[in-house]
Amino acid sequence: YHPADLHSTVLPRAWNNHIDKIVVLAGTIDESQEALELSKTDARLFSTVGVHPTRCTQEFGSTQEELKIAIARLKDIATEGMKDGTVVALGELGLDYARTQFCDIDSQKRGLSAQLSLATELNLPLYLHNRDTGDDLLDILK
């Protein structure tokens with residue numbers, strides 16, 4: 001997002017051009033918290049909570065304990081935002097095989113699986129990311 005001119009230029013331009021609602025996307029745990037906080041500043045703003053596939057290693061670590069802690073943080077943020085309807089989806093989550101230099105495929109699948117379980121638990125829709133994965137994402141979602 002555009003912190004320097006978001007409230008002075010970007011959002012007013014959107015509202016003046018008949019945009020009624022905006023969903024602020026998140027790609028990390030910190031961005032999820034920031035998106036929620038931003039969305040609480042205007043009733044026309046909503047947010048997602050989630051970890052982008054290229055950031056799975058960074059956010060979820062390499063151990064089951066690190067993953068558990070990260071998912072708990074996402075759950076706390078999502079639950080807070082669901083109380084007033086600000087959080088509307090889990091995402092941006094999915095798979096990205098074109099950018100495995102940022103996160104390997106196994107870590108992406110591990111993060112996706114954990115976030116899908118959280119989405120099921122919280123009954124939230126998904127905001128999905130899918131790049132160059134063939135049928136893998138579809139097969140996982142089935």
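The values are calculated or read from the model by the stated rules, or taken from the named source; none is laboratory data. Because the structure is predicted, anything quoted here is derived from the model rather than measured. Cβ placement follows ideal geometry from the backbone for every residue including glycine, while neighbour counts extend to all protein chains displayed. Side chains included, ligands, DNA and RNA excluded: accessible areas come from the protein's heavy atoms. Shrake-Rupley method; radii C 1.70, N 1.55, O 1.52, S 1.80 Å.
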Practice prompt. Go through the stretch 60-74 residue by residue and turn each phi into a ³J(HN,Hα) via Karplus (6.51, -1.76, 1.60, θ = phi - 60°); whole Hz please, and just put x for glycine and proline.
Written response: 9, x, 10, 10, 5, 5, 4, 4, 4, 5, 5, 5, 4, 5, 4
Item to complete: Count the net charge of all other residues whose Cβ sits under 10 Å from the Cβ of A14, scoring Lys and Arg as +1 and Asp and Glu as -1.
Response: +2
Discussion item. Is the C-alpha gyration tensor of the chain telling us rounded, prolate or oblate? Criteria: a/c under 1.5 is rounded; beyond that, a/b larger than b/c is prolate, otherwise oblate.
Written reply: prolate
Worksheet, complete the sentence: Phi-derived 3J(HN,Hα) across the stretch 119-136 with the Karplus relation (6.51, -1.76, 1.60, θ = phi - 60°), rounded Hz, x for Gly and Pro, is 4, 5, 4, 8, 6, 9, x, 10, 10, 9, 10, 8, 9, 6, 10, x, 9, 4
Worksheet entry | Calculated FRET efficiency for the pair L138/S62, C-beta based, R₀ 22 Å, to 0.05 | 0.25
Worksheet item: Placing +1 at every Lys and Arg Cβ and -1 at every Asp and Glu Cβ, with all other atoms neutral, what dipole size does the stretch 1-95 have around its Cα centre, in debye to the nearest 20?
Response: 240
Worksheet item: Ranked by accessible surface with a 1.4 Å probe, highest first, in what order do F60, F102, F46 come?
Response: F102, F46, F60
Worksheet, complete the sentence: Whole-Hz Karplus couplings 3J(HN,Hα) for the stretch 17-30, θ = phi - 60° and coefficients 6.51, -1.76, 1.60, Gly and Pro as x, run 10, 6, 7, 8, 8, 9, 9, 8, 8, 10, x, 9, 5, 4
